[in-house]
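Trainee: What follows is a structure written as structure tokens; I'll ask about it next.
The values are calculated or read from the model by the stated rules, or taken from the named source; none is laboratory data. On a predicted model such as this, the values are computed, not experimentally measured, just so you know. No Cβ is skipped: glycine too gets one built from the backbone with ideal geometry, and neighbour counts run over all protein chains shown.
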Amino acid sequence: MVLVVDSSVLIIERWQNILSETEAIKAVYGAVGYNDASILFKEKKPNLVLLDGGLPGNRSIDLLKEFKASNEKATVMILTNSIDIHLEERYKSHGADYYFDKYHDFEKIPAFIAANIGNKQLTY
């Protein structure tokens, strides 16, 4: 089960379409903001979260901390507008498992999920 958190509904819908075609993924949920993401994470207990690194109010770090505190086994991928080594280190220090440039790496991410995260982790 996957939760996509992004400030753009269009990006969420695109991820839902792409990820629903991945065999390892049984359901894809979307949340536009902090409150929706927090509620859906608690209700759906996703194994994988694609988290927009640029949520308004810099709430991405808060969500990351909340997700990892609630379920440290959940895999969290930070998707950002640009690669910044200092920001990547900050996210990883708070528990992010992966950090990607969502515009340049967008098409590569589903294959990465299938190859590196796999069926076992997405169905525990």
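Trainee: Go over the candidates Tyr99, Tyr29 one by one and state the one that is aromatic (Phe, Trp, Tyr) and modelled with pLDDT of 95 or more.
Mentor: Details: Tyr99 fails: modelled with pLDDT of 95 or more.
Of the residues listed, the single one that is aromatic (Phe, Trp, Tyr) and modelled with pLDDT of 95 or more is Tyr29.
Trainee: Quick check, is Ile83 more than 19 Å from Leu10 (Cβ to Cβ), surrounded by 19 or more Cβ atoms within 10 Å (Cβ to Cβ) and modelled with pLDDT under 95? Walk me through it before giving the result.
Mentor: Numbers: more than 19 Å from Leu10 (Cβ to Cβ): yes; surrounded by 19 or more Cβ atoms within 10 Å (Cβ to Cβ): no; modelled with pLDDT under 95: yes.
No, not satisfied.
Trainee: Does Tyr99 fit the bill of being assigned to a strand (DSSP E or B), over 16 Å from Ser8 (Cα atoms) and either touching a helix residue (DSSP H, G or I) at 6+ places or on another chain (Cβ under 7 Å) or of a type in the set (Ser, Thr, Tyr) (or both)? Before the answer, list the steps.
Mentor: Values: assigned to a strand (DSSP E or B): yes; over 16 Å from Ser8 (Cα atoms): yes; either touching a helix residue (DSSP H, G or I) at 6+ places or on another chain (Cβ under 7 Å) or of a type in the set (Ser, Thr, Tyr) (or both): yes.
Answer is yes for this residue.
Trainee: Of the numbered conditions (1) of a type in the set (A, V, I, L, M, F, W, C); (2) within 17 Å of Leu3 (Cβ to Cβ); (3) touching a residue at least 24 places away in the same chain (Cβ under 8 Å), Phe100 satisfies every one except a single condition; which is it?
Mentor: (3)
Trainee: For Asp52, which of the numbered conditions (1) over 18 Å from Asp105 (Cα atoms); (2) charged (D, E, K, R); (3) without any contact (Cβ under 8 Å) to a residue 60 or more places away in the chain fails to hold?
Mentor: All conditions pass for Asp52, except number (1).
Trainee: Give me a count of the residues in the stretch 62-76 that are at pLDDT below 95 and aliphatic (A, V, I, L, M).
Mentor: 1
Trainee: Also: Which residue is surrounded by the fewest Cβ atoms within 10 Å (Cβ to Cβ), if the candidates are limited to the stretch 21-63 and must be in a strand (DSSP E or B) and either under 10 Å from the mean Cα position of the chain (by Cα) or of a type outside the set (Ser, Thr, Tyr) (or both)?
Mentor: So the residue we want is Gly30.
Trainee: For the stretch 90-108, name all the residues that are surrounded by 12 or more Cβ atoms within 10 Å (Cβ to Cβ) and closer than 19 Å to Leu63 by Cα.
Mentor: Arg90, Tyr91, Lys92, His94, Gly95, Ala96, Asp97, Tyr98, Tyr99, Phe100, Asp101, Lys102
Trainee: Name the residue that is surrounded by the fewest Cβ atoms within 10 Å (Cβ to Cβ), counting only residues in the stretch 109-123 that are modelled with pLDDT under 60 and part of a helix (DSSP H, G or I). Before you say what the answer is, go through the steps one by one.
Mentor: Step one: filter the stretch 109-123 for residues modelled with pLDDT under 60, giving 118-123.
Narrowing the set further to residues that are part of a helix (DSSP H, G or I) leaves 118-122.
On the way: Gly118: 11, Asn119: 12, Lys120: 9, Gln121: 15, Leu122: 20.
This residue is Lys120.
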